[in-house]
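Submitted below is the structure of interest, expressed as structure tokens.
Nothing in this text is a laboratory measurement; each read-out follows from the coordinates by a stated rule. Owing to the predicted nature of the structure, the values given are computational and were not obtained by experimental measurement. Cβ coordinates were reconstructed from backbone atoms using ideal geometry, including for glycine residues, and neighbour counts include every protein chain displayed.
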């Protein structure tokens, strides 16, 4: 089994974070005019976007001629418990500027996944002049539609500050919440694997996804408390009351082309939570794509490789060329 197969180099480091640049496909010209920065979730390993040879968004974009970068948030250490939400967005900003310098492009494309999409959207609202195109890949913006995760984090019984006071939120703590969303999934996936045990490709896909799913990282405590309180519990972002470094985050300032991708069975980011961004921005070029599956399967499953990856590559080519 090969994980994270696309060749890459780290070109920028800050704390535990790294900016990765994927090497162009052999024999391909340097696609300086079409750079794309991928922003994964901060609570999962980055390589879900470069999972295996048969399921790699990064690799597909490289093969399509894009200059592809990825912000690896790194693994927070104990001392990172004080890492603030504002600091994460500032770190993303420095990654964007590093991409601009390295690629020679004034306005690269930006694709965020899960919490990474929420952070990418916030950055695009604060610095619209730096982004040429934005993809929201299953990232929540209207937390009224957060589904069961919204119920779990209801302030009547959930105190995020108390949890964060103990330090970084451990992967086991967060995973227990995700398991509670679909408690029978653990049994169902093994039963499904047994039905496909004769298929070597299916076994390899299962093993790769299970390896990634069990390779989670902590959520920095200070950032976690603010994320839960201000976004999940108070829904400040879509309502225009969220502030970063003293500046109000006005999603209407996003004027770049926007593509929102949702999964029809997503319980972590229900489609309405992501689609709300379309109604908040000022972009005249707005579109949405629905992929069958759940929050992760939609990104690495069969429909992703046949539908999602080609759509994203073509969409970025058209918007960034323009």
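Please work out how much length the chain gains when fully extended from residue 54 to residue 243, using 0.36 nm per residue of separation minus the C-alpha to C-alpha distance, in nm with one decimal. Display every interim value, and only then the final one.
Numbers: separation 189, 0.36 × 189 = 68.04 nm, distance 4.04 nm.
Between residue 54 and residue 243, full extension yields an extra 64.0 nm.
Using Cα-Cα distances under 8 Å and only pairs 6 or more residues apart, what relative contact order does the stretch 8-321 have, in percent?
Relative contact order here is 23 percent.
Which FRET efficiency, nearest 0.05, do residue 305 and residue 157 yield, Cβ-Cβ r, R0 51 Å?
0.80
Taking every pair of distinct Cα atoms and averaging 1/r, then inverting, what Kirkwood hydrodynamic radius in Å comes out for the stretch 259-315?
After inverting the mean inverse Cα-Cα distance, the result is 11.7 Å.
Over the stretch 16-139, what portion of Cα pair distances is larger than 21 Å, expressed as a whole percent? Before the final figure, lay out each step's value.
On the way: 2667 of 7626 pairs.
Every Cα pair in the stretch 16-139 considered, those over 21 Å come to 35 percent.
Summing -39500 (n - 2.57) over the DSSP H runs of n ≥ 4 in the chain and dividing by its residue number, what mean residue ellipticity at 222 nm do you reach, to the nearest 500 deg cm²/dmol?
Values: 12 runs with 117 residues, N = 322.
Helix-only estimate at 222 nm: -10500 deg cm²/dmol.
To continue, here is another question. Only Cα pairs under 8 Å and at least 6 apart count here; give the relative contact order of the stretch 207-322 as a rounded whole percent.
Once divided by the residue count of the stretch 207-322, the mean separation gives 19 percent.
What percentages make up the Cα-Cα pair-distance distribution of the stretch 8-321 when the bins are 20 Å wide from 0?
34, 60, 6
Right, another one. Using Cα pairs under 8 angstrom and six or more residues apart, how large is the relative contact order of the stretch 203-274, in percent?
Computed value for the stretch 203-274: 12 percent relative contact order.
What ranking, highest mean first, results for peptides 154-166, 242-254, 64-76 when packing means the other Cβ atoms within 10 Å averaged over each residue?
64-76, 242-254, 154-166
Moving to a separate point now. Would any residue of the stretch 268-291 have its amide N under 20 Å from a label point 7 Å out along Cα→Cβ of residue 127? List them or say none.
Answer for the stretch 268-291: 282-283.
Give me the percent of DSSP beta bridges within the stretch 8-321 that run antiparallel, rounded to the nearest 5.
Here the antiparallel bridges make up roughly 40 percent for the stretch 8-321.
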